[in-house]
Every structure is written in structure tokens, then in C-alpha cells.
1. Would you mind putting 144-155, 38-49 in packing order, based on average other-beta-carbon counts within 10 Å, highest first?
2. What ³J(HN,Hα) values, in whole Hz, does the Karplus curve 6.51 cos²θ - 1.76 cosθ + 1.60 give for the stretch 83-94 when θ = phi - 60°, with x put for Gly and Pro?
3. Which far-off residues, 5 or more places away or on another chain, put their amide H under 5 Å from the one on residue 154, with H placed in the peptide plane?
4. Take the alpha carbon gyration tensor of the stretch 83-158, find the square roots of its eigenvalues, order them as a ≥ b ≥ c, and report rounded if a/c is under 1.5; if not, report prolate when a/b exceeds b/c, else oblate.
Amino acid sequence: MSEPRVEDGKRVLGVVPGMPAAGARKVPDDQDLVMTSPHLLVRHAVAALAVLLLVLVISILFDAPLREIANPFETPNPEKAPWYFAALQELLSHFHPVIAGVLIPTAIIGGLLALPYIDRNPAVALKARKVAVAAFTIFLVVWIVLTLIGFAFRGPNWGWVWPWEEWHGEL
């Protein structure tokens, strides 16, 4: 292999012979190149500031739905986890803590990590990746259903309460 070329302070690390997998080989002109800084960084900074400004305006206009100051001597019934842990809390209500808190999450993570090795189809199109799409869809639907049940349908003493039913205090 030959030494890397240096042109105008730019260094080419290597050249791979052959044709690209799709389309014809493109040779960039100097007119086609755009520097990352400042063009891309300015766009990202403006987008970040716009989102920050939007969140600031929304937070000024609308109050957060906060409850009273926490009392360490009185736990509300039901005490629910944040929405992103509601599915795990729902699992804990049905299974032993070792199963729901350790084995099931480990199996989910392990299964999602093993999915590329199970579905070895090299295609990129979703229609060709039926095993991966089915497995991830099943996981996502079950997790969303458990989250909705834990967040919207659980009332005092972790009993089932329809969202349109009123309940105050202990049932």
C-alpha cells in the first residue's frame, strides 16, 4: 500500500478499490463540499435554541400539575412509579420481584441484543426482516400495554379502576 497523499493540508487515509454497492461512483467537486463548521453547527445551535425557547415559553404559560409537598409519614395510595417505569411496576404486581425485576428485563435486553444473530437476513428493507420486525413489535406492544395499565388503570391498593371512574382516598 502506498503512502497517504497530502493535498492542501488534507490527508487521504486510504483508497479502497472497487465500485460502490449502489449507484455510480461519485467524485466530489469543491463546489459540492460544505464544511461542518460553521454551516452544520450553526443550524444545530439554532434548532437547539428554538426548542429551548419553546420549552421555556410553554413552562411559563402553563403550570405543572404538582401535588402538595411530600409528607414522609404518609404514603399516597396508590404510589405509582413514573410513566417510564409503570410497565416494570405492573410486572412486579404480577410476578415475584426476582422474576419481574431481574429475569424478565434481562431476557428482554438479551433477546433484543441477540435479535441480529437470530435474524441473519442481510436485507435492509423492513419487508424482508419479518422475524426482527415481529419480535420488536411484540415487545413494543406488550411494553406499551403494561405501561398504560400501570399508569391509567391502577387505583387504590393497586386495584383495577377505569379511567372515567372517580375515586378519592381509600376504596
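1. Working: 144-155: 16.0, 38-49: 10.3.
The peptides rank, most packed first, as 144-155, 38-49.
2. 4, 6, 10, 5, 5, 5, 5, 5, 4, 5, 6, 10
3. Close amide H contacts, sequence-distant or interchain: 161.
4. Numbers: a/c = 4.39, a/b = 2.01, b/c = 2.18.
In terms of gyration-tensor shape, oblate.
Each value in this text was obtained by applying a stated rule to the coordinates, not by laboratory testing. Keep in mind that what you see is a predicted model, and the values were worked out from it rather than measured. When we count neighbours, we look across all protein chains shown, and the Cβ atoms used for this are built from the backbone with ideal geometry, even at glycine.
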